[in-house]
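Readers should treat all values here as calculations from the given coordinates under stated rules, not as data from a laboratory. Computed from a predicted structure; not experimentally measured. Heads up, the Cβs are rebuilt from the backbone with ideal geometry, glycines too, and the neighbour counts pull from every protein chain shown.
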Amino acid sequence: MSDWRERAEIGGDVVFFRYAPPGLEKNSEEVFVWDLDKTYLDTSIDSLSGLLQTILEKAMTKKNIPGTDTLLRALAQYRAKIKGQSFFPIYFITASPPQMEERIMEKLEFDKINPLGCFYKDNLKNLRPRRFWRLTKQVGYKLQALLQLRTRLHPNVRQVCWGDDSESDAIIYNLYSDICSRRISPMDLRHVLEKLYVSGDQVDTIMLLQSEIPENDPVEKIYINLATDTDSDYYLKFGRRTLATENTFQVALDLFQDQKIDLDGLYSVVKDMIDNYRYTPEELMKTYDEIIRRGVIGKLCFEKTKALFVEKGLLYPSYEPSTPPIQENTILHEPWVQERIDYLHDYR
């Protein structure tokens, strides 16, 4: 096994492995950013025992969050069909240590996923009494990783981000958005970061990276997987851009509505979850009704997807959701992005 340091770019806790030439990174105007733990892979790194289990686990025994690998391939295939691009602009961020890189890449290659790069947290050096607290504090690490990634990308890049509700990912992605757009003053930013247990050296690095990036907001959408059953209403404080989802099927529905996958891609996710993860059609259609009820899915998307599900025998032709889907031109009262977010009070 080669020394990971010979292949990585290291900055503090942040370790980056690049798998694409810089020109390809800079030319990608749309980039997908996916948190690996509890969002793509069913791993637990929020405790010492979970971290050690992740390190010892073999690549082929690592389990996907149901439907995620199929969804990623659907995204890649649709982009290839529409844009004619053979590469898929995705980056992964994980709090797993860089010693895991070869094993995780083996798993991604098995899933036929080829990222442009991956960020790892050099967490084994935190296995010391005075640094134990840093094992599970991810805000500083992930913000630094996101800002480092921003310096590598197209000036007007659009980013679609994935996270979960176990590691403050909604706070991290929205704070990253605020940092890029300068919606929060330097003094307030330092105060928020310190209250979120970001170390002094990480704060200084984040402020430096902010000075090196364009002054615009690159974040198009944020998906949060409800891995710990947080109430989806909690995420209303971030605005409608942040969408909490119960499963990958709900993500696929919204991506179809946003014209990032087609009906074939959507159905491939449904079939994967039923055939390989023991979801029943009734369970999935219940979450279909739930995301319509929340006002996420519009009438046009509903009509197209209902026709597909009726054709595939997942719904009866007479099916009607418990709440009528919204008209696409309806003006919703909730803002897309909140002008100011309360990052310091977590009412969950």
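Taking the number of Cβ atoms within 10 Å of each Cβ as an exposure proxy, the fewest-first ranking of Trp336, Trp34 is Trp336, Trp34.
Taking θ as phi - 60° and the Karplus parameters 6.51, -1.76 and 1.60, the scalar couplings of region 217-227 work out to 9, x, 7, 8, 7, 10, 9, 10, 6, 7, 6 Hz in sequence order, x denoting glycine and proline. Taking other C-beta atoms within 10 angstrom as a stand-in for reagent exposure, Val31, Val269, Val310 fall in the order Val310, Val31, Val269, fewest first. Take every pair of alpha-carbon atoms less than 8 Å apart whose residues are at least six positions apart; their mean separation over the length of the chain yields a relative contact order of 19 percent.
Separation of the alpha carbons by more than 21 angstrom is noted, of Lys38/Lys142; Lys121/Lys237; Lys63/Lys286; Lys38/Lys221; Lys38/Lys137, for Lys121/Lys237; Lys63/Lys286. The aspartates and glutamates within cross-link reach of Lys299, meaning a Cα-to-Cα straight distance under 15 Å and a gap of 8 or more places when in the same chain, are Asp254, Asp258, Asp289, Glu290, Glu320, Glu328.
The Rg/Rh ratio of region 257-336, with Rg taken over Cα atoms and Rh as the Kirkwood radius over Cα pairs, comes to 0.97. Taking trypsin sites (Lys or Arg not before Pro) across region 219-281, the ones in a DSSP loop with at most 10 further Cβ atoms lying within 10 angstrom of their Cβ are Arg278. Residue-wise HN-Hα couplings along region 262-270, as the Karplus relation 6.51 cos²θ - 1.76 cosθ + 1.60 with θ = phi - 60° gives them from phi, are 9, 4, 4, x, 4, 5, 4, 5, 4 Hz; Gly and Pro carry x. Angle between the Cα long axis of helix 186-195 and the longest principal axis of the chain, 0 to 90 degrees, nearest 10? For helix 186-195, the angle is close to 90 degrees. Listed by chain and number, the aspartates and glutamates placed with their C-alpha closer than 14 angstrom to that of Lys83 are Glu29, Glu30, Asp262; residues fewer than eight positions away on the same chain are left out. For region 1-38 and region 161-226, what is the separation of their Cα centres, given in Å? Comparing the Cα centres of region 1-38 and region 161-226, I get a distance of 19 Å.
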